[in-house]
Each structure stands twice: as structure tokens, then as C-alpha cells.
1. What is the one condition in (1) under 29 Å from Leu266 (Cβ atoms); (2) out of contact with any Asp or Glu (no Cβ under 6 Å at 6 or more places or on another chain); (3) at pLDDT 95 or above that Met63 does not satisfy?
2. Among the residues of segment 152-186, write down those that are over 21 Å from Ile267 (Cα atoms), of a type in the set (Asp, Glu) and under 22 Å from the mean Cα position of the chain (by Cα).
3. Regarding Leu276, is this residue surrounded by 13 or more Cβ atoms within 10 Å (Cβ to Cβ), touching a strand residue (DSSP E or B) at 6+ places or on another chain (Cβ under 8 Å) and not in a strand (DSSP E or B)?
4. Would you check if Val149 is under 19 Å from the mean Cα position of the chain (by Cα) and touching a residue at least 60 places away in the same chain (Cβ under 8 Å)?
5. Just checking, which of Gly114, Gly110, Gly91 is within 19 Å of Val258 (Cα to Cα) and touching a Phe, Trp or Tyr at 6+ places or on another chain (Cβ under 6 Å)?
6. Check Ala244 against each of (1) of a type in the set (Gly, Ala, Ser); (2) part of a strand (DSSP E or B); (3) over 21 Å from Lys103 (Cβ atoms) and name the one condition it does not meet.
7. Give me a count of the residues in segment 170-221 that are in a loop (DSSP other than H, G, I, E, B) and either under 18 Å from Ile232 (Cβ atoms) or not hydroxyl-bearing (Ser, Thr, Tyr) (or both).
8. Please specify each residue of segment 287-330 satisfying the condition of being under 30 Å from Leu276 (Cα atoms) and in a loop (DSSP other than H, G, I, E, B).
Amino acid sequence: MDPSLVLDKLPKLLDLNTENITENVHQINSNNPDRRLKFVVERLVHHLHEFAREARLSTDEWMAGIEFLTEIGKICDNERQEMVLLSDTLGLSLLVDSIDHPKPAGSTEGTVLGPFHTHNLPEKGNGDEIMLNDPNGMPMLVVCTVKDVNRRPIEGVKIEIWETDSTGNYDVQRSDHTIPDGRCSMKSDHDGVFWFKGVLPVSYPIPHDGPVGKMLKVLGRHPMRPAHIHFILDHPRYDRLVTALYLRGDPYETSDAVFGVKSSLLIDVDHTDQVLSERYGVAIGTKVIKYDFTLVSEQESLELRAKNSRQELEKLGHRVEIVNGLPCRM
């Protein structure tokens, strides 16, 4: 962009100091036509500046923060997302998901996506094995349904599933990784049912050999996650659900490194009896997990998000307009 084209439209910034710098930044950022962007950037600058003022941030501390973020960026790639890990371990990922995908009573809650979701997913059908390269894994049967809030089954929901092997590693973490393993994509049938065979998940550490791991050590925190299986449920008429099921009683259930556990997502592991064994073609006594997912419509989620936004921002004294469920500067 030619600077001369916007020069006359910008406010003049003079005699900047700790008292007026924030308002000056707001003024010079407010020239863009996107009301949502204007609101987001305004609040970002406000809270960043207030953080620096309240903490009385030193230059050395700020530079250490910049170097920390730089190091995080250096080790991000298609198979490891350290920036997502930072967001997760600071509780930001869960907060954003809870704001953007509010769930009414009776629907399945969401949780963090995590840094090991990939788009390279083999398609599977009901009854297929999803873990092909883990001879030491304890066999597990997973039987689920997908319904709406009125308990009607939803056919054709795309479900993405991924889990660790019995050593606590995802496929992309293994040195012998060549093809996707322990993950798949499948669809719910006409009864809203999907089921598959995997291995019993185990507790595992998030990657802690990088900047985020160093941060956790300095903060006196452990890097462990309780045993769980990840799911994404996607259907054009329903709000996309990113969630996970956590094994009840895991030692890290109440101190998850990424704050992902919710009581409604805790599940019990049972064993198959003769009836289940014959129905699903597994040995009697095989570990089994059952869960009923409940999706909320896209419209209901949009309306709830807008309602929550109005209520929370009114408490803070902000005058905003809700556009597509998101607050914008009026």
C-alpha cells in the first residue's frame, strides 16, 4: 500500500508517554472498515498495555518473552504445533472453545483439539481396527451413537478419531511413522451409530523437550495428560464438536497439563459379555467404552453465543453489535 494514500486519514501522534500511548494506538488502528477486527485489535492492545503497566514489565523481561515466542515458532511444523501447545497449557484453547462453541444443557461438551490432530486420515467403516501397529496395545471396543438434543439419531455425521498407542505416542511421534495409525475418519449410520476397535488409551506426556516444556518446569507443573480418545463430529446442520473422552480414575484426571478434562466427558471402561462379544466380534472380556454424543444445531449454538456475548460485554460496559454471533464495535 502507498503510505501517502492513508497519511491524511490518520491521527497525528505526538508526545507519546505511558499515559496516552494506548489511546493513540487505538486511534491509529481504528481506520480500518472491519468492525469485528477493530473491536478485537482494540481489546488486544488494551489488555497488552494493561498487562505491561500492571506487571511493570522490564525491557529484559519483554525481550525474554519475545525470544520465548521466537523459539516456539522455530519448532512448529506440519506434525508438531508448539504454538497450539502453548495455548493449551495456558488454558486459552479451552477458554476459546467454550466461548465459540457454547453447549446448552443436555449436549456434549467440547474440549481442546490438541497439537496432534492431522488431516491425513484413512476412511474406516463400522467395526474396523484403527490401530494397526501396536501389538502390545490392550484391545478395546468403542461403541457410540450421535443424536440431537431431542434424542433423534443423526445419520451421516463425519467423525474424526485419533488416539495414542500403548506407549503414549501418537503415530506422528513414532520414528517408524510412514502411514496414519491410531486415527481414522468414519460416518454414523442410519441409526446414528458408529463403532470401531482400537487400543485402551494410556496417560502420556505432552512434548516437553521444547520451550513449552521449559515453561512448565519453571512453573512447577508436570507435562502429563490423562488417558483419552479424541473426536471431531461434523455435520452441515450442527455445530462442529471437538471433544475427547477421558478414562475415569486416571491419576492425572484432576491436573491435566492442557486443562481438557470435564466431568461430563469422564467415562468408565467396562468389559464385553457374551452378548456384546457375539454382536461385535470381539473376545469376551475385551475392554469396552460406550458413549452417546449429543449435537446442538448450528442455529442454536449461534443464538447462544450471541446471548452470552451480550451478557458478558454488558457487564464490562461495552456497547457492541452482534454480527454472526460475534461482537463488533458499533
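1. (1)
2. Listed by number, the residues that qualify are Asp171, Asp181.
3. Considered against the rule, which asks whether it is surrounded by 13 or more Cβ atoms within 10 Å (Cβ to Cβ), touching a strand residue (DSSP E or B) at 6+ places or on another chain (Cβ under 8 Å) and not in a strand (DSSP E or B), Leu276 comes out as yes.
4. No.
5. Gly91
6. (3)
7. Total satisfying the criteria: 24.
8. Filtering segment 287-330 down to residues under 30 Å from Leu276 (Cα atoms) leaves 287-296.
Val296 - this is the single residue of segment 287-330 that is under 30 Å from Leu276 (Cα atoms) and in a loop (DSSP other than H, G, I, E, B).
The values are calculated or read from the model by the stated rules, or taken from the named source; none is laboratory data. All of these numbers come straight from a predicted model, not from anything done at the bench. Counting neighbours? That spans all protein chains shown, and the Cβs are built from the backbone with ideal geometry, glycine included.
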